[in-house]
Amino acid sequence: MLPLGPGERERHMQIELACRYYARGWLTLGQAARMAGLDHFAFAVELAERGIARDYTITEAVEDLAHARGQ
């Protein structure tokens with residue numbers, strides 16, 4: 001049993017499943033983040049904490065740079 005409260009257990013399992021499904025290629029990053037109830041950045045942090053590599057494309061990098069520049 002996880003040392004978490006009832007609501008926390010479900011939340012933890014939701015994030016864990018989303019990470020596993022992403023790692024297996026069953027969900028995209030966006031789909032998995034939505035499943036986990038997190039934004040893309042917070043979900044990427046969850047992936048990193050589990051040692052799951054993020055499939056970061058050139059297109060995503062260009063979009064992120066444009067967003068950071070306010071475009």
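Restricting to region 47-61, and then to whatever is in a loop (DSSP other than H, G, I, E, B) and of a type in the set (A, V, I, L, M, F, W, C), can you tell me which residue is nearest to ARG20 (Cα to Cα)? Only one residue tops the list, namely ILE52. The set of residues in region 1-46 being of a type in the set (D, E, K, R), part of a helix (DSSP H, G or I) and surrounded by fewer than 12 Cβ atoms within 10 Å (Cβ to Cβ) consists of GLU8, GLU10.
For GLU49, state whether it is at pLDDT 95 or above, exposed (fewer than 14 other Cβ atoms within 10 Å of the Cβ) and not small (Gly, Ala, Ser). Lay out the reasoning, then the answer.
Details: at pLDDT 95 or above: yes; exposed (fewer than 14 other Cβ atoms within 10 Å of the Cβ): yes; not small (Gly, Ala, Ser): yes.
In short, yes.
Name the residues in region 62-71 that are at pLDDT below 80, loosely packed, with under 10 Cβ neighbours inside 10 Å and part of a helix (DSSP H, G or I), would you? Residue satisfying the conditions is HIS67 alone. Between LEU27, LEU38, LEU4, the distinction of being on the phi < 0 side of the Ramachandran plot and at pLDDT below 90 belongs to LEU4 only.
The values are calculated or read from the model by the stated rules, or taken from the named source; none is laboratory data. Predicted model, so just to flag it, every value in this text is computed and none were measured. Heads up, the Cβs are rebuilt from the backbone with ideal geometry, glycines too, and the neighbour counts pull from every protein chain shown.
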